[in-house]
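Since the structure comes first, as structure tokens, the remarks are kept for the end.
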Amino acid sequence: MEALFARYFDGDLDDREAQDFLEKVGSDPKLESELRSYERLLALGKELPTPRVPVGFTERVMAELSTQGHSKFLWAKPSGLRIQWTRLAVAVAAVVLAYIGGWLVGHNLNVPMRTSEEARIPTTAMNYDSGGLAEQGSAAGSDFQYVRLSYAPVDPSVRQVAIAGSFNNWNPDATSLQRKNGVWVTILVLPPGSYEYMFVEDGRRWVADPLAARTRDDGFGGVNAVLDVEL
Amino acid sequence: MAAHNDEAIVRAVRNGRKEAFAGLIDGHKESVYGTLMRLTGDPQVAEELAHETFVRAYQNLKSFRGESRFSTWLIQIAINLARDRVREHRRNKTVSLEAMLERDPDAPVFAERRLHCNPLREVSLRDMVVRLGIALRELPPSYREIFVLHHVQDISYEDIAALTGDSVGSLKVRAHRVRKLLRERLFTEANHLTPEDVMG
């Protein structure tokens, strides 16, 4: 009988066997009590509390990783050629965006204001009517700020641009930019604070915003763009 | 955390965005810490091993080929670390509880620490959950492991076998033994409890 109990709780009895087992158990009060106690035990297992992760856990792990430098397990040592390409790309992007920025200054910006209720969902990319460089605005009574970010990739064949930053867990799939007249734009809804971010081209190439007001050392040999949001 | 998000973040980290790894930690720390807390029963050890789990995952990210879910891969690292910790602590013991139970499945594991309670006292569900937690901590680690992974966290025997390298058959034998041990511990007459006392 003990073997049948084991097979029953492991789901190894077919329907007929399970029926026979339950009929046999039901005819014997002792066996029925045994079955119920097993069922209660497994139910108790589901009631075990979920342990709470200690505060600051993520930060402590990341702090240790930052002391390790670039892991030899993860990345090949960057070649000199690769570094030069990166610098060149950033420089060209800066020139192109400076030109686009000058063009946009002469146009009326029409950022659609949202209700405070809609603004309760941070980091949501919204539609826009016209492009512009980093621009902020807030809805009356809202604790959030609308931030419009624009980006013009050096490579015109780029098919997709996203933004990943501290506001969306650095998830490159969370917030896409929309293309408008060759410029990629998004509007973020963010509470006041200081955020670091990068643009991600085609899900592969990470580029710091060349027109960011300031950048911050990422601790791993590169820089992140910094976005300061104020009400 | 959705698996496709994991893949995107793994890609980002591999492309040099080390800080993106924080997203993976945030997405999986509850599962990893929770598993280790239940396996070790010690918050300090659980945190230490969870920390080490993520550090090792980062260091070995290149070897993660996406054949399994990232969450499964993490749990595998966590289980291995918990097992290593058990081995370290066992070095000074002459006979392990596992070995004793292999020889005698009915060995009185809880004999010296039975909880006695007043039969007239109403036993709440909460009391029983606490007692189950205590009983789990007193179990041999491999028995605790199968109960936690299969009966608490609903991981199939096949998946546990893939994670641990044990055979499905041996896992089922161990699961049966641990159910029997815990049932005796919580519901036998020695403890003056019946299933009805607990949940009606």
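Just so you know, all these numbers are worked out from the coordinates, no wet-lab data involved. Note that this is a predicted model, so its numbers are computed, not measured. Please note: Cβ atoms are built from the backbone with ideal geometry, for glycine as well, and neighbour counts cover all protein chains shown.
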_Full-stretch length increase - A:Lys30, A:Arg214 - with 0.36 nm per residue and alpha-carbon distance subtracted_ = 58.8 nm
*Kindly give the semi-axes, whole Å and largest first, of the ellipsoid equivalent to segment B:3-90, taking each as the square root of 5 times a Cα gyration tensor eigenvalue.*
24, 12, 11
_Extension gain (nm, one decimal) between A:Val55 and A:Leu231, 0.36 nm per residue minus Cα-Cα_ = 60.5 nm
_FRET efficiency, A:Leu13 to B:Glu30 (Cβ-Cβ, R0 41 Å, nearest 0.05)_ = 0.75
*Amide H within-cut-off set for A:Asp209, under 5 Å, with H built and near neighbours excluded*: A:Phe199, A:Ala225
_Cut-off under 5 Å, modelled amide H: who pairs with A:Leu177 long-range_ = A:Val161, A:Ala162, A:Ile163
*Just subtract the alpha-carbon distance of B:Ser156 and B:Arg87 from 0.36 nm times their residue separation and send over the number in nm, one decimal.*
22.4 nm
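Here are some pairs, A:Lys24/B:Lys172; A:Lys46/B:Lys172; A:Lys180/B:Lys18; A:Lys46/B:Lys180; which of them have Cα atoms lying more than 27 Å apart in this structure?
Where the Cα-Cα span goes over 27 Å, the pairs concerned are A:Lys180/B:Lys18.
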